[in-house]
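The structure appears below as structure tokens.
FYI, it's all coordinate maths here, none of it is from the lab. Bear in mind the structure is a predicted one, so any value in this text is a computation, not a measurement. Positions of Cβ are generated from backbone atoms using ideal geometry, with glycine treated the same way; all protein chains shown enter the neighbour counts.
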Amino acid sequence: MSRLLLVGVFEKEDDILSVTRAAKDQGLSIVDVYAPYAVHGLERALGLKASKISVVCLLAGIAGAVLKLWFEVWASTFDWPVDVGGKPWNSLPAFVPMTFEVMVLFAGVATVTALFIATGLRPGRKPKAVVPGVTDDRFALVIEETDAAFDLPAVHRLLEEHNAVLIEERVEETEAP
Amino acid sequence: MARVYSVFARPLIQGDKRLAQVTEDVCRPMERRPGPWWWAAFTASSALLLLGMSAITYQIATGVGTWGLNTTVGWAFDITNFVFWIGIGHAGTLISAILYLFRQRWRTSVNRSAEAMTLFAVMCAGLFPVIHMGRPWLAYWIFPYPNTRGSLWINFRSPLAWDAFAISTYFIISALFWYVGLIPDLATIRDRGKPGFRQRLAALFSLGWDGSYRTWNRYEMAYLLLAGLATPLVVSVHTIVSWDFAVAVIPGWHATIFPPYFVAGAIFSGLAMVLTLMIIARKTMGLEDYITVRHIERLCKLIIATGGMVGLAYLTEFFMAQYSGNRYEQFVFLNRAMGPFAWAYWTMVSCNVLAPQLLWFRKIRTNLAVVFLLSLLINVGMWFERFVIIVTSLHRDYLPSSWAGYSPTVIEVATLLGSFGLFFTMFLLFCRVLPVIAMGEVKGVLSYGRKHGEGHP
């Protein structure tokens, strides 16, 4: 399969924000936007939902805390109870600090792992070089030319209205999305 | 629809930068050959590192008799240095995580290097408890692992074991936070098209980052979560460090004020170290437009705030000792202020409480030479604070017959100097290989490309 893409390149944050909103309003199929920094408001313009990584973070944190608490109780109450200064074997309040640390550790490592899995970032991944400069000073809006009804001149005009510095057509060979 | 946006009274970054200029300004000092000042600093700090490594080798080979400790003063230099360094690290997390949650966008100019400082400070801190164990080759005994002795587990009720977990978690999370923050900037370096070793490394570690906004969207969420995790973490770490003392029944240590007192002191000392490093870095790397006098001033204000908390804690401690009616507590505090270590106590008070008061004046806050000097004084004062807490509480205990003095040996001093060597060597190398300013974040606070308040839902 291959698909036809239209890439518009912009130089200013204001332009990429307004052109993305306009494209969304016109019902164009936006593949992605490439930006050198996280432009605030773009996620709403693109209609992206908040990432579910937070769920992973929460679950991993709970798992870490439960696991650690269980381990401490098991080790110092059942496996080998040791009398330390006459304290009860199951000294729950004294188990809180380590449980907290392990909770944070699990949650943090899981968050980063989930980020890498969800975004596909990994060593050796080929970056999609849409246009040079998107990691430096340029913003790129990538629109898919969906069907025959796609009005190319109109979209051209739209991009130019928002100060596109470059408009290019691309053919992309698609494998898995 | 109600619109919420931030309108900067003055731009955070000076000089009307365009986006490409930020990349250029940050990458240029890194890509050109290091100047004579860098070499001089690097030579000095690696010489100190070498000195410290020799001292560590010698004391481990010979034994703990090489230290000035005695049966009364069983903790002194090692633990002082440990608490000092771990405290330095905390300001990095304050800037990178806590200020992020508070949406303090000026932090973008300093967060990268402050986080690096955190990592290196935690490395230095981790060194000392391991040395202090006396038999560092058995350091892993502090962690519970299945062993052939039973398994005999560790004492989960001991603050020292909590410490090992807290510091390791802190290091891992800080490193992750720092690395995640670096990924977009590494991609920028990769795409600059200057072939060489640096570019190949950047290509590997940028993990194929391409600026896709779908990635950015998840990235921002992960960054927010890490900030949210690091914030309670940093408070917990120094709280646990303070419990190393407060859980003991030594007069002068056994106080409930210790956790907040230590956390405030840690951030206070770390901010002073951030200032020390930033004032040098902005000058030598030509980053005056990014780390502006305004940034320095804000850091100074944070120092006034945290320094005030530290001063309040000193007073509270003294008051509580008198108010408690406990003769041993009362004695420890009078002994601190008037005993044989009075010089250390008053060094601490003048550096930590009196000196920072000068920062109330804008004239002084904007005079970088004076600020630099004050930041050094605070570093010294905060080192002495830990020394005072540890040594003066121990050296005259319940039994006058066991009272003793303490003075460090050459080996101990060399180890302390060595930790400074490690810290500055790492920091100087960091300045050479990685962007000291988070480009991907600074670009987001420029005024370039946006009409203030318009187009910002």
- Note on the structure: Calculated from DSSP helices alone, with each H run of at least 4 adding -39500 (n - 2.57) and the total divided by the residues of chain B, [θ]222 nm to the nearest 500 comes to -21500 deg cm²/dmol
- Item | Gyration tensor verdict on region B:306-408 (Cα atoms; rounded if a/c is under 1.5, prolate if a/b is larger than b/c, oblate otherwise) | oblate
- Message: Which entries of A:LYS49/B:LYS301; B:LYS363/B:LYS443; A:LYS24/B:LYS443; A:LYS12/B:LYS283; A:LYS49/A:LYS128; A:LYS12/B:LYS363 have Cα-Cα distances beyond 27 Å here?
- Response: A:LYS49/B:LYS301; B:LYS363/B:LYS443; A:LYS12/B:LYS283; A:LYS12/B:LYS363
- Item | Shape box of chain B [Cα atoms, principal axes, largest first, Å] | 74, 53, 48
- Task: Please work out whether region A:23-91 counts as rounded, prolate or oblate from its C-alpha gyration tensor, where a ≥ b ≥ c are the square roots of the eigenvalues and a/c under 1.5 means rounded, while otherwise a/b larger than b/c means prolate and anything else oblate?
- Result: prolate
- Message: Averaging over every viewing direction, what projected area does the convex hull of the Cα atoms of the protein assembly as shown cover, in nm²?
- Response: 32.6 nm²
- Cα pair count fraction exceeding 26 Å, expressed as % - chain A: 51 percent
- Item | Sum of side-chain charges, B:GLU24 neighbourhood, beta-carbon under 11 Å (Lys, Arg +1; Asp, Glu -1) | 0
- chymotrypsin sites (Phe, Trp or Tyr not before Pro) within region A:49-157: DSSP coil, no more than 11 neighbouring Cβ in 10 Å: none
- Note on the structure: Per DSSP loop assignment and a cutoff of at most 13 other beta carbons within 10 Å, chain B keeps its longest run without exposed trypsin sites (Lys or Arg not before Pro) at B:150-450
- Item | region B:169-237: radius of gyration and largest Cα-Cα distance (Dmax), Å | 14.1, 44
- Query: Hey, got a sec? Which trypsin sites (Lys or Arg not before Pro) in region A:3-50 land in a DSSP loop and have at most 11 other Cβ atoms within 10 Å?
  - Reply: A:LYS49
- Query: What helices does chain B hold that run 20 Å or longer along their axis, going by alpha-carbon atoms, with a Kyte-Doolittle average of -0.5 or more, using DSSP H for the helix calls?
  - Reply: B:36-62, B:77-93, B:111-132, B:159-191, B:213-246, B:258-284, B:293-324, B:368-387, B:410-433
